[in-house]
Amino acid sequence: MTDLRIEAFAHLRQLAARPDARRITPLFARDPARATRFRAVWGDLTVDFSKSSIDDAALEGLFHLAAAADLEGFRRRLFAGERVNPTEHRAAMHMALRAPAAAGLRASLASGTDDASALVAAERNRMQAFVEAVHAGRKASATGARFTHVLAIGIGGSDLGPLVATEALTLGRTDAPMQARFLSNVDGHAFIHATKGLDPARTLVLVASKTFTTQETVMNARAARAWIAGALGEAAVPLHFAALSTNLTAVAAFGITVDHTFGFRDWVGGRYSLWSPVGLAIALAAGWGPFQSMLDGAWAMDQHFRDAPLRENLPVLLALVGIWHVNALGCDTQCVLAYDDRLRRLPAHLQQVEMESNGKRVTLDGTLTGWDTCPVLFGEPGTNAQHSFIQLVHQGTRTIPVDFILAANADHDRPDAHRALAANAFAQAEALMVGKTEAAIRAEMADKGASQADIDAIAPHRVAPGERPSNTILFSRLDAFSLGRLIALYEHKVAVQGCLWGIDSFDQWGVELGKVLAGGILPELTPGAAPGTHDASTNGLITRFRALRGEA
Ligand code: F6P
């Protein structure tokens, strides 16, 4: 990696070593305009990063790193459909999935180029026709009944994005056209849970798998096939199944018909595939209109990311704040708290988007990075998180930056509840930053008549050190458009960070080894199978597992 980038990271560390450089509250005292200068506003969307220790010098240092990493060049190459995923010789052209056909986006292949926009438009029209036919009952069950439920089978990117978006767009709605259940884990209990109370005669099964070889998905699809065929006969299978995949040969071999198969290309990464046919569950459950609005919102964010100057660019700024926390301050975790119950699984999706993309230790030229990359991401909905792990964020030994996500308007008729939700979000961010001093606690306890012995013993435990950073992402309303915009904001943040860290954000070689080993162990778990040649611990556990099952 370039000396310029190494120097830029070193400079960030020097900036963080300045006296008081980790403190936030003095920055507000020094700069009365901080609250507006350290936030980015685009339409109704605000990313407020003023509650961080980033000052003008730090921001310059971060933009210096962006220049050293040629972020603008990367952005051009990404949108030009160049192979920004060199280890798989692929482009990362998920933006074409949400762009209008006229955008004319193209994606480089190992040899040649795809007219990405044209391919997407053709498949999107087929999807829309399919969704409308299902909703109208023109595409019906083997019994002639209208489909009322979707069983969406898939894992990782073929599950999390569609699950988050479907929940966001249907929870709390009474007029959603269909209900969706999601089945991802190969655990047989998950199958029982997902099909419990479902009527096979009214269930359309979607098998989402980019590769159509993923063990969990193929096994669950076979179980679902047996479930449908057992209830309605083998002839029902083609009517009750649809597939969403790049592997059309494997789909056909499974027995899913061409008119129930929706394809996409290798330049769509699994964790970016909710916008592709993999999102069919969203469109079926929420309706085509909301699905299209979600795509429009994401495309709006794509254009903002592509065109806005770096200093006004929301994904860029969000990425730079994260880089400050990881590479200057040494934070190794990132918390996401969406104060919206409809986004309750958003952290799970962002875990894959961030950690599968940027959980890397080797730069594009194959050498070790020499700097930290992706932090561990976790989260829960607010306010629930306040009653579980937020204690550690306030008073633990680590500094854990938080993203608070909040819509100003709710879609229910209890304004008091929404104000309470918002009050909690703002209060948490404020408490993390301002904390509470021991002197204030002592005075408060004395006022309430506590004994000196109690004050001495308890006050230190109540101190909240403050100076803990957070971003607040605030927008008008959680609708399909703003949902698409929000998810695309994080996708591009991740791409920017990958560029600055000099890594390939679009491959995921680390997950392969476990898959291969699982394939080898599986036959050893069948009764009478010969023992394998693993390490002693793994051999011992396999033997014990078989003994506990009475299959030694
Ligand atoms: O195991 C990780 C992964 O490869 C993800 O990248 C992907 O989203 C998931 O598996 C599912 O893969 P597929 O869509 O091919 O079934």
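No value in this document is a laboratory result; all are computed from the given coordinates. Quantities reported herein were computed from a predicted structural model and do not represent experimental measurements. No Cβ is skipped: glycine too gets one built from the backbone with ideal geometry, and neighbour counts run over all protein chains shown.
Worth pointing out:
- Region 102-292, dipole about Cα centre (Lys/Arg Cβ +1, Asp/Glu Cβ -1), debye to the nearest 20: 200 debye
- If only the Cβ of Lys and Arg carry +1 and only the Cβ of Asp and Glu carry -1, the dipole of the chain around its Cα centre is close to 640 debye.
- With contacts taken as Cα pairs under 8 Å at a separation of at least 6 residues, region 102-292 carries a relative contact order of 27 percent.
- In order through region 332-346: 3J(HN,Hα) via Karplus (6.51 cos²θ - 1.76 cosθ + 1.60), integer Hz, x for Gly, Pro: 10, 9, 9, 9, 10, 10, 8, 7, 6, 5, 5, 9, 4, 9, 4
- Local charge for residue 485 was computed over the other residues whose Cβ lies under 13 Å away, with Lys and Arg +1 and Asp and Glu -1, and equals -2.
- Ellipsoid semi-axes in whole angstrom, largest first, where each is sqrt(5λ) of the Cα gyration tensor of the chain: 42, 28, 27
- Neighbourhood charge, 12 Å Cβ-Cβ cut-off, centred on residue 382 and excluding it, Lys, Arg +1 and Asp, Glu -1: -3
- Computed [θ] at 222 nm, helices only, for the chain once each DSSP H run of length n ≥ 4 contributes -39500 (n - 2.57): -14000 deg cm²/dmol
- Too-long pairs where the Cα-Cα distance tops 30 Å, listed order kept, from 139/196; 51/493; 360/436: 360/436
- Percent RCO, i.e. relative contact order, over the chain, from Cα pairs under 8 Å lying at least 6 residues apart: 18 percent
- Cα-projected label distance for residue 409 with residue 461, points at 7 Å along beta-carbon direction, nm: 4.7 nm
- Order of 447, 507 - criterion: other Cβ atoms within 10 Å of each residue's Cβ, fewest first: 447, 507
- At full extension, residue 525 and residue 136 could sit 135.3 nm farther apart than now, given 0.36 nm per residue minus the alpha carbon distance.
- Relative to the longest principal axis of the Cα atoms of the chain, helix 3-16 runs at roughly 50 degrees.
- Each of 521, 503 was scored by other Cβ atoms within 10 Å of its Cβ. Arranged with the fewest first, they read 521, 503.
- Within the shell of other residues whose beta carbon sits under 12 angstrom from the beta carbon of residue 62, the net charge comes to -2, with Lys and Arg scored +1 and Asp and Glu -1.
- Phi-based couplings in Hz for region 34-48 (Karplus 6.51, -1.76, 1.60; Gly and Pro marked x): 4, 4, 9, 6, 10, 8, 10, 10, 9, x, 7, 9, 10, 10, 9
- Spatially proximal lysines relative to residue 210 (Cα-Cα < 19 Å; intrachain offsets below 8 disregarded): 515
- Folded to 0 to 90 degrees: helix 215-232 orientation relative to the chain principal axis, Cα: 50 degrees
- Top positive-direction residue, dipole computed over the chain with Cβ charges, set 541, 399, 14: 541
- Inter-site label distance for residue 173 and residue 427 at 7 Å from Cα along Cβ, in nm: 3.2 nm
- Long-range HN-HN contacts of residue 377 with modeled amide H, under 5 Å: 334
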